[in-house]
1. Please find, within region 77-100, the residue that is nearest to the chain's Cα centre (by Cα) out of those that are crowded, with 16+ Cβ neighbours inside 10 Å and of a type in the set (Gly, Ala, Ser).
2. Pairs please, first residue from region 42-69 and free of Cβ contacts under 8 Å to residues at least 24 places away in the same chain, second anywhere and assigned to a loop (DSSP other than H, G, I, E, B) and aliphatic (A, V, I, L, M), Cβ atoms under 9 Å, 6+ apart in sequence or on different chains.
3. Do you know which of the residues in region 101-131 that are β-branched (Val, Ile, Thr) and crowded, with 20+ Cβ neighbours inside 10 Å is farthest from the chain's Cα centre (by Cα)?
4. Quick one: Leu92 ticks every box in (1) assigned by TED's automatic domain parsing to the domain that holds Phe132; (2) part of a loop (DSSP other than H, G, I, E, B); (3) touching a residue at least 12 places away in the same chain (Cβ under 8 Å) except a single one, so which number is it?
5. Tell me, please, whether a residue that is loosely packed, with under 14 Cβ neighbours inside 10 Å, touching a Phe, Trp or Tyr at 6+ places or on another chain (Cβ under 8 Å) and in a loop (DSSP other than H, G, I, E, B) can be found in region 29-46.
6. Restricting region 6-21 to residues that are of a type in the set (A, V, I, L, M) and in contact with a helix residue (DSSP H, G or I) (Cβ under 8 Å, 6 or more places away or on another chain), which is nearest to Gly102 (Cα to Cα)?
7. Could you look through region 155-192, keep only residues that are on the phi > 0 side of the Ramachandran plot and not in a strand (DSSP E or B), and pick out the one that is surrounded by the fewest Cβ atoms within 10 Å (Cβ to Cβ)?
8. Name the residues in region 1-21 that are part of a helix (DSSP H, G or I) and either free of Cβ contacts under 8 Å to residues at least 40 places away in the same chain or among the aliphatic types (A, V, I, L, M) (or both), would you?
Amino acid sequence: MTNLAIIGHGGFAREVECWAKDRYYCNFYVEDKYAGGGALPLSLFDPNNSRAIVAIGDPNTRRRIVDTMPKETIWATLIHPSVVITDHETVLIMKGSIVCAGTVLTTNITIDQHSHLNLNTTVGHDCRIGKFFTSAPGVNISGNVTTGNNVYIGTNASIREKVTITGNTTIGMGAVVLNDIKEPGTYVGLVK
């Protein structure tokens, strides 16, 4: 089995380890000041000995860590065995991404680097998901949606078809996004 450095040691990282350990020999790594309790200091990570994945939900923290990693790091892409991809030829999931159990991806979709699709996320046709994207559990993204980089969508939020969400945006739990979001920020409730 290949070594996998799971960067992070919180709840999401431990959930990922539960199913990644079937394919990888896993070790947790955290920033040096947080090491201990079963997690190794990130300064001990050896890119020649291990693939890596950042299992931290916050897109900005994930991006900061990726930017500090050695250039020769080989990034894993983790897709839970229960994920449904209806058209493997047109769905692209880029390096460093994690796709969790129960997720459904239809056709002509791009999930950019270091993105997380948490439990039971659905992504419709013709979507373009930016780098460092996070969907919390139960997010529904309709067809023809485009997101910028560093977008976080909270649990059970829904995005209407043909919507564009600019980068550096947070969508709150249970929100319903009906129109484009053109300005970075935090949006909750019914977003018209």
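The values are calculated or read from the model by the stated rules, or taken from the named source; none is laboratory data. All figures in this text were calculated on a predicted structure; none of them were measured in a lab. Counting neighbours? That spans all protein chains shown, and the Cβs are built from the backbone with ideal geometry, glycine included.
1. Filtering first and then ranking leaves Ser97.
2. From region 42-69, the pairs are Ser43/Ala35; Leu44/Ala35.
3. Pass one, region 101-131, residues β-branched (Val, Ile, Thr): 103-104, 106-107, 109-111, 121-123, 129.
Within this subset, residues satisfying the condition of being crowded, with 20+ Cβ neighbours inside 10 Å are 103, 109, 111, 121, 123, 129.
On the way: Thr103: 12, Ile109: 15, Ile111: 9, Thr121: 11, Val123: 13, Ile129: 10 Å.
The residue in question is Ile109.
4. Only one criterion in (1) assigned by TED's automatic domain parsing to the domain that holds Phe132; (2) part of a loop (DSSP other than H, G, I, E, B); (3) touching a residue at least 12 places away in the same chain (Cβ under 8 Å) is unmet by Leu92, namely (2).
5. yes
6. First pass over region 6-21, keeping only residues of a type in the set (A, V, I, L, M): 6-7, 13, 16, 20.
Now narrow it down to the ones that are in contact with a helix residue (DSSP H, G or I) (Cβ under 8 Å, 6 or more places away or on another chain): 6-7.
On the way: Ile6: 21, Ile7: 23 Å.
Top of the filtered list is Ile6.
7. To start, the set of residues in region 155-192 that are on the phi > 0 side of the Ramachandran plot comprises 156, 162, 168, 174, 185, 189.
Now restrict to residues that are not in a strand (DSSP E or B): 156, 162, 168, 174, 189.
On the way: Asn156: 15, Lys162: 13, Asn168: 16, Gly174: 14, Gly189: 9.
Among those that are on the phi > 0 side of the Ramachandran plot and not in a strand (DSSP E or B), it is Gly189.
8. Initially, region 1-21 is screened for residues part of a helix (DSSP H, G or I), giving 11-20.
Selection gives Gly11, Ala13, Arg14, Val16, Glu17, Cys18, Ala20.
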